[in-house]
Each structure stands twice: as C-alpha cells, then as structure tokens.
Amino acid sequence: MQINYDFLDSYTFKNKQMTVRNHVVMAPTTLRASFEDGSVTDNELRYYQMRSGGPGIIVSEVAHVNHLGKGWEGGISAADDDKIPGLSRLASAIQSGGAKAILQLFSAGRQTTTAILRGEQPVSASAVAYPRGDFETPRALTHQEIAQTIDDFAAATKRAILAGFDGVELHGANLYLMQQFFSPDSNQRDDIWGGTLAKRMRFGLAVTAKVAQTIEQYADRPFLLGYRQSPEEPMTPGITLQDSLAFVNKLIDLPVDYVHLSLKDALQTPFKDKDDQTKIVDYYRQALPDDFPLMVAGLVKQPAQVEELMDTGVTFAAMGRELIVEPNWVQKVKMNDERAIRYAISPADFDLLGVPKPLEQWLLTRFKNGLPVTTDLEFDPNKPWRYYKSTPVKVPQPIDPTKLMTLKKKG
Ligand SMILES: Cc1cc2nc3c(=O)[nH]c(=O)nc-3n(C[C@H](O)[C@H](O)[C@H](O)COP(=O)(O)O)c2cc1C
C-alpha cells in the first residue's frame with residue numbers, strides 16, 4: 001500500500017521565504033567528536049553528510065559560544081573566528097544532501113566541570129550547584145560578564161552566517177545556561193537578572209533580541225532563528241509549564257522563526273501535574289499564533305507517529321536517536337520501504353552508520369537504556385570496550401497505519 005504522508009510535503013517559512021523539503025528534522029545530537037579546541041573533525045562531517053539526504057532541516061549538535069560555555073570534551077566551538085572554516089565545512093556537509101543547516105548555540109553554564117574548563121570554575125546565574133548528583137558549585141556571572149555572554153551569542157551567530165548556515169537555534173533547554181537563568185532553582189539573583197518571573201526571562205529574551213539584531217545586520221540571505229525549550233523542570237522550585245508558556249508569549253514578539261520543544265515523549269502531558277491530561281504540544285499550539293512553526297522532539301520513530309504529530313498541529317517532528325540508528329529514514333519512507341527502517345542498532349554497525357567512537361561509547365554506557373541495541377550489551381567499566389550478556393531487546397512493533405484514524409490518505 002502506497003501511503004502519501006503529509007509530512008513529506010515541503011514547508012515555507014513565510015517571513016523568511018525559505019522552503020524546506022519536508023517536515024522531518026534531525027534533532028541536535030552531540031557527537032563529542034570535535035578536536036580538543038572545538039574544531040570540526042572529518043568524523044563529524046561524515047556523520048552529518050550521511051544523514052543530509054533525508055530531513056528538511058538538520059539542527060547541529062550544540063556549539064559553545066565562549067570558552068566558559070564548553071560542556072564536555074569533544075564539543076564543537078563557535079567561540080572564535082578561527083573556527084569559521086570548520087563550521088563552513090559542517091554547514092556544507094549538512095547541505096550536501098539538500099537539508100537546511102541550523103547551528104545550535106549554547107553555554108553549558110553550571111553543567112560542566114573545572115577539568116573540562118582547564119582550571120576555570122564553571123559559571124551560572126547564581127552560585128548554586130545542580131541539586132542532583134555530584135555537581136560542582138559554580139560562581140555567579142557578574143553583570144558585565146552577562147553582557148559579554150550575550151555579545152558572545154551574537155558573535156557566534158555572525159560566525160554561523162559567515163560559515164554558510166541557514167540559521168541558528170538558541171539552546172534554552174536541557175538545563176544549560178539559558179535555562180539556568182530562567183529557573184528559580186539555579187537563578188537566585190536579586191538584581192535585574194533574577195527574582196521575579198519577568199526578570200528570570202530577561203537573559204533568554206536579551207540573547208534572542210541580540211541574535212535577531214545580528215541576523216538583521218549581517219545575513220544577506222534568509223536565515224532562521226529558533227529557540228529550544230524544556231517546558232518543565234523536575235526540581236522544586238523549578239520551571240513550570242506556565243512559566244514556559246509565559247516566556248514563549250514574550251518570545252514571539254521578537255523575530256523568532258520557530259519554537260522547538262525538547263520533550264521526553266512528544267505527546268506527553270505535564271509531568272509536574274499528573275492530573276492534567278492535556279498534551280504539552282496542545283498548550284503550545286494554543287499559546288502560539290495559528291501558523292507559528294512548532295518543532296517537537298521526543299521518542300518519535302515511526303512514520304505514523306510523525307503524521308499523528310502533524311495532525312496535532314506540530315509543524316516539524318524532530319528525531320534524535322532514530323536518525324542515529326537510521327540515516328536513510330526519510331528516503332525509506334519516500335520509497336515505500338518502511339519495513340527496511342532500522343529501529344535498533346547493532347554494535348557491529350556503528351562504523352557503517354558513521355557514529356564516532358566517543359558517541360558510541362556514550363550510547364553504550366550513559367545512554368545504555370535509551371537506545372535500542374540489537375544485543376543487550378552490559379557495559380563493564382573495568383573492561384572498557386568489552387561487553388557481554390547477549391539477549392534480544394524490544395524494538396517497537398510496526399504500527400498498522402490503516403488503524404490510525406488520524407492518518408490521512410491522499411489520492
Ligand atoms: C547522543 C545525544 C546527544 C544529544 N545532544 C543534544 C544537543 O547537542 N542539543 C540538544 O538540544 N539536545 C541534544 N540531545 C537531545 C535530543 O535532541 C532529543 O531531544 C532527545 O534525544 C529526545 O529525542 P529522541 O527520543 O528522538 O532521541 C541529545 C540526545 C542524544 C541521545
């Protein structure tokens with residue numbers, strides 16, 4: 001049966017007159033494979049090139065905008081002009097198969113270590129350590145450093161423009177610096193950058209405004225600006241969905257082209273209010289203007305799921321782990337070859353799929369339960385790179401598309 005999915009249609013960002021070939025996005029997935037100074041490596045280029053032929057948009061893994069913003073070894077840097085040639089190769093690798101290339105930008109804030117910063121203490125909104133696990137206490141940024149950090153986001157944006165990207169995405173999600181300013185847990189300031197909800201919003205909005213101004217000033221072609229958000233935080237006090245919707249309400253007064261939600265499950269309901277059965281994407285759809293582009297990530301794997309997301313009013317379905325496992329996902333859907341889509345990775349195929357070694361190691365250790373591996377490999381920390389115990393793992397059962405009421409057939 002030939003299914004013509006709506007998500008394979010092209011989409012035009014009206015304000016920017018930029019058309020992307022479909023509604024599938026490769027979500028940012030850090031490869032940890034850059035050189036020590038954050039320069040792009042050939043391993044990274046190969047990985048992106050292999051995935052460039054399918055999605056409409058590829059959001060790169062996150063790049064730090066200044067030296068204190070580095071979050072881990074192997075992270076990409078957009079902090080200096082000497083990184084522009086490498087970033088340019090990265091943009092070309094993404095565009096080589098027809099995808100639009102978005103560079104994601106961040107500072108890790110307190111989510112890093114003195115070792116990664118080569119002796120410098122991590123920084124954040126306030127001197128408050130992440131409450132879970134064994135995290136270092138950061139020092140609070142001074143007012144002058146905050147202004148400098150905002151300028152650093154703008155300078156990194158200029159580098160992305162010069163490198164040939166099609167846009168930047170500000171990483172306001174996943175507990176990094178922009179989220180740390182927004183959160184009542186990590187932001188305990190009592191100056192203009194913290195205290196009330198309006199003041200906690202100020203850093204994210206100031207970065208966005210400055211980046212938008214930089215795009216206006218330097219981009220001589222359509223250039224997108226996206227903002228990624230985690231709508232809720234697990235801690236108490238922590239960001240609530242109401243806080244995030246209030247933020248988005250202000251954000252859309254700026255020339256932002258899309259909002260990107262980082263969710264565990266794209267169709268989840270709020271986890272802070274177990275009685276609330278309204279999906280988070282429904283709240284966002286109500287808060288945003290009707291045709292405002294909304295991108296959502298979280299456990300999206302199958303074509304029928306993407307179509308279902310489109311039917312809930314989501315504009316772009318972003319896929320993280322699934323596109324690690326299946327670089328040709330879109331091509332297989334287009335060729336009506338859905339049964340050939342991989343939903344699990346074989347340890348023997350990491351090289352074939354262009355997965356750099358540091359990502360492979362990370363996926364098999366920290367992400368051990370988050371990525372379906374065809375053999376259930378238990379990592380033995382005393383024997384790096386050796387695994388044992390082989391049992392089959394669960395992979396998703398194919399969804400019968402004819403049984404989904406929401407699935408539309410064309411022609
Ligand atoms: C290996 C790996 C690296 C990631 N790196 C980033 C990143 O650089 N920036 C970001 O915003 N999210 C990052 N994420 C989160 C993903 O973009 C995505 O939101 C998450 O994996 C959920 O989507 P999925 O269920 O489709 O994988 C990463 C996830 C994984 C698995």
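For the structure I just gave you, tell me whether ASP291 is within 24 Å of THR19 (Cβ to Cβ), touching a residue at least 12 places away in the same chain (Cβ under 8 Å) and touching a strand residue (DSSP E or B) at 6+ places or on another chain (Cβ under 9 Å). It is false that ASP291 is within 24 Å of THR19 (Cβ to Cβ), touching a residue at least 12 places away in the same chain (Cβ under 8 Å) and touching a strand residue (DSSP E or B) at 6+ places or on another chain (Cβ under 9 Å).
Filter the range 306-321 down to the residues that are at pLDDT 95 or above and either over 22 Å from TYR284 (Cα atoms) or within 12 Å of the ligand (Cβ to nearest atom) (or both) and list them by number. Hits for the range 306-321 are VAL306, LEU309, ALA317, ALA318, MET319, GLY320. In the range 321-339, the qualifying residues are those that are surrounded by 21 or more Cβ atoms within 10 Å (Cβ to Cβ) and either without any contact (Cβ under 8 Å) to a residue 40 or more places away in the chain or within 18 Å of the chain's Cα centre (by Cα) (or both), and the one that is nearest to LEU263 (Cα to Cα) is GLU322. Would you pick out the residues in the range 354-372 that are touching a helix residue (DSSP H, G or I) at 6+ places or on another chain (Cβ under 7 Å) and within 14 Å of ASP42 (Cα to Cα)? Once the filter is applied, which keeps residues that are touching a helix residue (DSSP H, G or I) at 6+ places or on another chain (Cβ under 7 Å) and within 14 Å of ASP42 (Cα to Cα), the range 354-372 yields GLY354, VAL355, PRO356. Taking the range 284-303 as the search range and keeping residues that are more than 13 Å from the ligand (Cβ to nearest atom) and surrounded by 20 or more Cβ atoms within 10 Å (Cβ to Cβ), which one is nearest to ARG339 (Cα to Cα)? Restricting to residues being more than 13 Å from the ligand (Cβ to nearest atom) and surrounded by 20 or more Cβ atoms within 10 Å (Cβ to Cβ), the top hit is PRO303.
Counting only residues that are part of a helix (DSSP H, G or I), out of contact with any Leu (no Cβ under 6 Å at 6 or more places or on another chain) and touching a residue at least 24 places away in the same chain (Cβ under 8 Å), the range 160-199 holds 9 of them. If you go through the range 325-336 one residue at a time, do you hit one that is at pLDDT 95 or above, within 15 Å of the ligand (Cβ to nearest atom), among the charged types (D, E, K, R) and out of contact with any His (no Cβ under 6 Å at 6 or more places or on another chain)? Yes: the range 325-336 contains one or more residues that are at pLDDT 95 or above, within 15 Å of the ligand (Cβ to nearest atom), among the charged types (D, E, K, R) and out of contact with any His (no Cβ under 6 Å at 6 or more places or on another chain).
Take the range 46-89 and flag every residue that is outside any loop (DSSP other than H, G, I, E, B) and under 18 Å from ARG321 (Cα atoms).
Selection gives ARG46, TYR47, TYR48, GLN49, MET50, ILE57, ILE58, VAL59, SER60, GLU61, VAL62.
Scanning the range 233-249 for residues that are of a type in the set (Gly, Ala, Ser) and assigned to a loop (DSSP other than H, G, I, E, B) gives a single hit, GLY238.
Yes or no, residue by residue, for (1) small (Gly, Ala, Ser); (2) under 23 Å from the mean Cα position of the chain (by Cα); (3) outside the structural domain of ILE57 (by TED's automatic domain parsing); (4) not in a helix (DSSP H, G or I):
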| site | (1), (2), (3), (4) |
| --- | --- |
| ALA91 | yes, yes, no, no |
| GLN104 | no, yes, no, yes |
| GLN111 | no, yes, no, yes |
| THR114 | no, no, no, yes |
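Here ALA147 does not qualify as among the small types (Gly, Ala, Ser), within 14 Å of ASN66 (Cβ to Cβ) and within 15 Å of the ligand (Cβ to nearest atom). Would the range 89-104 turn up any residue that is under 25 Å from GLU233 (Cα atoms) and in contact with a Lys or Arg (Cβ under 6 Å, 6 or more places away or on another chain)? Scanning the range 89-104 turns up no residue that is under 25 Å from GLU233 (Cα atoms) and in contact with a Lys or Arg (Cβ under 6 Å, 6 or more places away or on another chain).
For the range 178-204: of the residues being in contact with a helix residue (DSSP H, G or I) (Cβ under 7 Å, 6 or more places away or on another chain) and aliphatic (A, V, I, L, M), which is surrounded by the most Cβ atoms within 10 Å (Cβ to Cβ)? Going through the qualifying residues, I end up with MET178. Evaluate the following for GLY167: is it more than 25 Å from THR112 (Cβ to Cβ), at pLDDT 95 or above and within 16 Å of the ligand (Cβ to nearest atom)? Considered against the rule, which asks whether it is more than 25 Å from THR112 (Cβ to Cβ), at pLDDT 95 or above and within 16 Å of the ligand (Cβ to nearest atom), GLY167 comes out as yes. Scanning the range 187-207 turns up no residue that is within 30 Å of ARG321 (Cα to Cα) and among the hydroxyl-bearing types (Ser, Thr, Tyr).
Against the criterion of being more than 20 Å from the chain's Cα centre (by Cα), buried (at least 17 other Cβ atoms within 10 Å of the Cβ) and of a type in the set (Ser, Thr, Tyr), SER230 does not qualify.
Does at least one position in the range 34-43 carry a residue that is among the small types (Gly, Ala, Ser), within 16 Å of the ligand (Cβ to nearest atom), in the same structural domain as LEU105 (by TED's automatic domain parsing) and part of a loop (DSSP other than H, G, I, E, B)? Steps first, please.
If we filter the range 34-43 for residues that are among the small types (Gly, Ala, Ser), which is where we start, we get 34, 38-39.
Adding the requirement that they be within 16 Å of the ligand (Cβ to nearest atom) leaves 34, 38.
Filter once more, so that each one left must be in the same structural domain as LEU105 (by TED's automatic domain parsing): 34, 38.
Right, trim to part of a loop (DSSP other than H, G, I, E, B) and you get 34, 38.
Checked the range 34-43: at least one residue is among the small types (Gly, Ala, Ser), within 16 Å of the ligand (Cβ to nearest atom), in the same structural domain as LEU105 (by TED's automatic domain parsing) and part of a loop (DSSP other than H, G, I, E, B).
ASP276 meets all of the listed conditions (1) away from the ligand (no atom under 11 Å from the Cβ); (2) surrounded by fewer than 22 Cβ atoms within 10 Å (Cβ to Cβ); (3) part of a helix (DSSP H, G or I) but one, namely (3). Scanning the range 250-268 for residues that are away from the ligand (no atom under 13 Å from the Cβ), surrounded by fewer than 17 Cβ atoms within 10 Å (Cβ to Cβ) and part of a loop (DSSP other than H, G, I, E, B) returns ILE252, ASP253, LEU254, PRO255.
The values are calculated or read from the model by the stated rules, or taken from the named source; none is laboratory data. This is a predicted model, so every value here is computed, not measured. Using ideal geometry, Cβ is built from the backbone for each residue, glycine included, and neighbour counts are taken over all protein chains shown.
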